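Step one of this worksheet: look at the structure below.
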Amino acid sequence: MTARGPAGPGEGAAAAAARLTGRPVSRVRRLSPALTEAVLDDGQAVMVKRGDDAGAVRAEAAGLRWLAGPGTVAVPRVHGHDANWLVIDLVAPGRPSRESARAFGAGLAALHAAGAEAFGAAPPGGPEEATIGLAPLRNVRGDAWPNWFAEYRLLPYLRGAVDAGTVRGGEAAVFEEVCARLPELAGPPEPPARLHGDLWNGNVLWGGDGRAWLIDPAAHGGHRESDLAMLHLFGCPHLDEVLDGYQDVAPLAPGWAGRVGLHQLFPLLVHAVLFGRGYAEQALATARGLLRA
């Protein structure tokens, strides 16, 4: 479902929610400049998200639908979207438990196994030019994961960090050497997985229904270890249980733990572009560690 009609001038969150869901709104609560909680006349609670980039809104809506498709992990239902607004189910908050973490890991393994048409493939209906957080993200298809990962996930952000002065002098050569050695560092070949793509803990909501819910994806076809590496990077409650649940369904390839840093280079370089030198230093230490291994 997309827009039911044209937006009015200066349309607010309540009007957008009513237009995109086709139901009157009984009350709203603003959570941030971009997020508003709205309750429809039938009692359904929805989250209304304002976006300033039509491609980003379209990518998020397409990504949520794509991740929800296999029915393996809880994903909020998309009620509607247009160039500026996205309306999805509101997830009632809860607390993580070891049981919910293990179930999340099993569901994530099944989601990855649902696959993608190619590395870099955008979700159906999603744009090639998407975003990850506030950074641009190009969903361009490739055949071999090591070459694709270097060209479309590492080198663009390395160039951005160099241009910003965040990565200095000869430091770029360290990352370029990692890219050149990716075929030997990447481990056994894997088929394209259906990735969330931005799977840090803030994008995993632990719901009041006892399930883990996925939000704010940068979804694309990629390597399944990339999602797990991001959970390691920024922390996740009961991560050991998440991994055990994952391995019960789809055991990871030998040596996967030694490749976590390789997959973390992508989000670290994105953060270096967005947030500065601290992340560049972390990325540099990670790259040097990979070359010493």
- request: Of the conditions (1) open to solvent by less than 30 Å² (accessible area, probe 1.4 Å); (2) in a helix (DSSP H, G or I); (3) in contact with a Pro (Cβ under 7 Å, 6 or more places away or on another chain), residue 260 clears all except one; give me its number.
  value: (3)
message: Return the residues of the range 107-128 that are buried (at least 16 other Cβ atoms within 10 Å of the Cβ) and under 19 Å from residue 53 (Cα atoms); say none if nothing qualifies.
response: 122, 123, 126, 127
field: Wholly enclosed helices (runs of 4 or more DSSP H) of the range 154-253 bearing at least 1 residues closer than 22 Å to residue 120 by Cα
entry: 155-163, 172-180, 182-185, 224-234
task: From (1) in a helix (DSSP H, G or I); (2) open to solvent by less than 20 Å² (accessible area, probe 1.4 Å), pick out the condition that doesn't hold for residue 87.
output: (1)
- line: Screening 54, 3, 68, 7 for residues that are open to solvent by 20 Å² or more (accessible area, probe 1.4 Å), within 18 Å of the chain's Cα centre (by Cα) and at pLDDT below 95 leaves only 54
query: Can you tell me which residue in the range 219-235 is modelled with the lowest pLDDT, limited to those that are open to solvent by 20 Å² or more (accessible area, probe 1.4 Å) and within 30 Å of residue 128 (Cβ to Cβ)?
result: 234
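Is one or more of the residues making up the range 274-287 under 30 Å from residue 78 (Cα atoms) and open to solvent by 10 Å² or more (accessible area, probe 1.4 Å)?
Scanning the range 274-287 turns up at least one residue that is under 30 Å from residue 78 (Cα atoms) and open to solvent by 10 Å² or more (accessible area, probe 1.4 Å).
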- line: Those residues of the range 10-51 that are surrounded by fewer than 21 Cβ atoms within 10 Å (Cβ to Cβ) and either under 25 Å from the mean Cα position of the chain (by Cα) or not hydrophobic (A, V, I, L, M, F, W, C) (or both) come to a total of 24
- prompt: If you scan the range 187-211, which residues turn out to be open to solvent by 10 Å² or more (accessible area, probe 1.4 Å) and aliphatic (A, V, I, L, M)?
  reply: 205
message: I'd like the full set of residues that are at positive phi and touching a helix residue (DSSP H, G or I) at 6+ places or on another chain (Cβ under 6 Å), limited to the range 175-228.
response: 187, 210, 216
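Is it fair to say residue 238 is open to solvent by 10 Å² or more (accessible area, probe 1.4 Å) and touching a residue at least 60 places away in the same chain (Cβ under 8 Å)?
Working: open to solvent by 10 Å² or more (accessible area, probe 1.4 Å): yes; touching a residue at least 60 places away in the same chain (Cβ under 8 Å): yes.
Against the criterion (open to solvent by 10 Å² or more (accessible area, probe 1.4 Å) and touching a residue at least 60 places away in the same chain (Cβ under 8 Å)), residue 238 qualifies.
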task: Would you confirm whether any residue within the range 68-77 is outside any loop (DSSP other than H, G, I, E, B), closer than 30 Å to residue 115 by Cβ, in contact with a Lys or Arg (Cβ under 6 Å, 6 or more places away or on another chain) and among the hydrophobic types (A, V, I, L, M, F, W, C)?
output: yes
- request: Within the range 112-136, track down each residue that is touching a residue at least 24 places away in the same chain (Cβ under 8 Å) and either assigned to a strand (DSSP E or B) or closer than 30 Å to residue 39 by Cβ (or both).
  value: 119, 123, 125, 126, 129, 130, 131, 132, 133, 134, 135
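Just checking, how many residues over the range 129-143 are touching a strand residue (DSSP E or B) at 6+ places or on another chain (Cβ under 8 Å) and surrounded by fewer than 21 Cβ atoms within 10 Å (Cβ to Cβ)?
7
The values are calculated or read from the model by the stated rules, or taken from the named source; none is laboratory data. Source: prediction; values computed, not measured. Here Cβ is always computed from backbone atoms with ideal geometry, including for glycine, and neighbour counts include all displayed protein chains. Remember, those area values only see protein heavy atoms, side chains included, never the ligands or the DNA or RNA. Shrake-Rupley method; radii C 1.70, N 1.55, O 1.52, S 1.80 Å.
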